[in-house]
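Undergrad: Submitted below is the structure of interest, expressed as structure tokens.
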Amino acid sequence: MRVHPGDRVDGRYLVYEQTDENWGVCGWRAHDQVLGRDVLLTTFHPQDPRAASLVEAARAASRVTDHRFVRVLDAQVDSPTGFLVREWVGGRSLADVLSAGPLPEDYAADICRDVAEALTAAHDVGLEHLCVDPTSVFITDDGAVRVRGLGTAAVLRGVHAGPSGAARDDTVGIGRILYAALTARSATEGPSPLPTVPRVDDTVPAPRQVRAGVSPLLDAITVRALGSGRSRRYPPYRHPREVAQALARVSKDRVRPPEMATIQAGHDTGVVDPAPVPPPRPARPALDRLPQEQATARPEVPLLLPGTPADGPRRDRRWLRAATIAAAVVIGIGGVLLGIELISTNRVPDLDPQSSPTAGQDVPDATTAAPEPDLPATLQVVDAQEFDPYGDGQENSSRTGLAIDGDTTTTWPTQTYFDPLEVQKPGVGLLLDLGRPAEVGAVDLVLPAATSDVEVRLGPDDPAALPPTQEGFDLLGRAEDVGETVTVSGEPRSTRFVLVWFTRLPPGAEGWRGGISEAVVRG
């Protein structure tokens, strides 16, 4: 029997309007005249070969008590019209919501966490969905998340668990929902209310490749849930529970400051690593005098000590640096005393007896003696900023000062990349500001890990025309496969801005990540 608006089904469900028609069944908004409430009525032909399985799946789904599933209230097949009755859920499907664009990351994570927890509850009682996607997730008028089609959608579509198992199939479904929520694109080929993302080498691109600024953590969770080729470094999630646990950690990490955690819909903003934000560093002193200026010089202590093993413990470097400082102080005091002695006697010590003047020869004035060659001066760095022209510009900006604080035990880190940096963008860097132009010929770096490729580039003469990318900076020098300490040098040139540019980051347990523990600019 064909149902029309105004008909009564089973003597109690008054049909209002049709809501959808898919997979050979019709959805209706109806009113239960017995209980006085609106319901979602799904009707089908009683001779449909799927009818018995559909009713059985609906009754089995009613055993799941998780409130995030749309509840099944009734199911019949032996009447003029077979039907399912479910509670009426106001609101819109997630697919409709995403037609306006991607969601804020926090909201996307919350929605998918609800879906993952609901599916975990279903699997705990031996049931699976197998067809979860943005069309089966509803956002109610009060913002709640509801999942429709548990058990029944798979019967209607003729879907069965794949060789990896039902739990893995539902995990992939959660990954598709998270992918869609972050990018407003469908990761599934075939009919979809959302645009399908183009594949790269027959692989679904990571969300960060589709939408700039996606959190590295959410990007990794999505990739692992989908189990695409991009997750080859990390094992795919096998169960919805694993996704729920991972997304719970995202919620826990929301103690980050608002400027790092808040994302507006339709804007591309990254999320930095959830490390504690260091206290503001004290105001830095005025710029050190340049070598050519007349001033009383104080001993300069090199940050990078010759002979320090690249892979030695940090405490060894600190001990050596302390010893060097002490030696420099002693030498400085001795030099002052020697200078006083020279002034008082108005003579230059005879350091070479063979060249001492004979009688009748003039003793050269001390002021005309040839000066000793100047050592490369250390230049004061007054500020440091992340430089990420090909990304979201969010490379832990709150921690850039740790690269110039004089402490090698603190580090400015890059973001964690879940693929090698070089396959995602040309590089990422740290821009050092000297406060005013100075002659720059070398940069000493202390790095937190080995196997980085790094370049040092110098800005233009006009600081008002700072280039938008690294290509506009002149190359001073580069170093490949460098360890914990490295000096990059070249032909000196006057500049105010120095760019330390990474073109390859070292791999680690969680992904590819680099950084700078200390940067010292020299003349």
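Undergrad: Where only protein heavy atoms count, and the probe is 1.4 Å, what is the accessible area per residue for the stretch 103-239 in Å²?
TA: Values: 5180 Å² over 137 residues.
I get 38 Å² per residue for this part.
Undergrad: Turning to a different aspect of this structure: Would you work out the relative contact order for the stretch 9-75, in percent, from Cα pairs under 8 angstrom that are 6 or more residues apart?
TA: Values: 76 pairs, mean separation 12.9, N = 67.
Value for the stretch 9-75: 19 percent.
Undergrad: Further, regarding this structure: Sorted by average packing, counted as other Cβ atoms within 10 angstrom per residue and highest first, what order do 171-183, 422-434 take? Numbers along the way, then the final one.
TA: Details: 171-183: 26.7, 422-434: 19.5.
Output ranking for 171-183, 422-434: 171-183, 422-434.
Undergrad: Can I ask one more? Normalising by the residue count of the stretch 82-161, find the relative contact order in percent from Cα pairs under 8 Å and 6+ residues apart.
TA: Reported as a whole number, the value is 36 percent.
Undergrad: Which cross-chain or sequence-distant (5 or more) residues have an amide H under 5 Å from the amide H of L73, H modelled 1.01 Å from N in plane?
TA: V85, R86, E87
Undergrad: Under the Karplus relation 6.51 cos²θ - 1.76 cosθ + 1.60, θ = phi - 60°, what is the ordered set of whole-Hz ³J(HN,Hα) values for the stretch 178-190, x standing for Gly and Pro?
TA: 5, 4, 5, 5, 7, 10, 6, 10, 9, 8, 10, 6, x
Undergrad: Return the long-range amide H neighbours of E518 (sequence gap of 5 or more, or a different chain), with a cut-off of under 5 Å between placed amide H atoms.
TA: Answer set, sorted by chain and number: V446.
Undergrad: Using the heavy atoms of the protein chains and a 1.4 angstrom probe, tell me the accessible area per residue for the stretch 2-65 in square angstrom. Before the final figure, lay out each step's value.
TA: Values: 3540 Å² over 64 residues.
Solvent-accessible surface per residue comes out at 55 Å².
Undergrad: Give a residue-ordered list of calculated ³J(HN,Hα) values for the stretch 380-388 (Karplus: 6.51 cos²θ - 1.76 cosθ + 1.60, θ = phi - 60°; whole Hz; x for Gly, Pro).
TA: With the stated coefficients, the stretch 380-388 comes to 6, 9, 8, 7, 9, 9, 5, 10, 9 Hz.
Undergrad: Next question, about the same structure. Check which residues have an amide H placed less than 5 Å from G82's amide H, if you skip close sequence neighbours.
TA: Excluding prolines and chain starts, which carry no amide H, the hits are F44.
Undergrad: Also, I was wondering about something else. Could you sort the peptides 71-80, 108-117 by per-residue average Cβ neighbour count (10 Å cutoff), highest mean leading?
TA: Details: 71-80: 16.4, 108-117: 24.6.
Listed from highest to lowest mean packing, they are 108-117, 71-80.
Undergrad: Hey, what did the stretch 384-446 get for relative contact order, percent, Cα under 8 Å, at least 6 apart? Show your work: numbers first, answer last.
TA: Details: 61 pairs, mean separation 24.8, N = 63.
Across the stretch 384-446, relative contact order equals 39 percent.
The values are calculated or read from the model by the stated rules, or taken from the named source; none is laboratory data. It should be emphasised that the depicted structure is a prediction, and the values quoted were computed from it without experimental measurement. Here Cβ is always computed from backbone atoms with ideal geometry, including for glycine, and neighbour counts include all displayed protein chains. Each accessible area value is taken on the protein alone, full model and side chains, heavy atoms only, with ligands, DNA and RNA left out. Shrake-Rupley method; radii C 1.70, N 1.55, O 1.52, S 1.80 Å.
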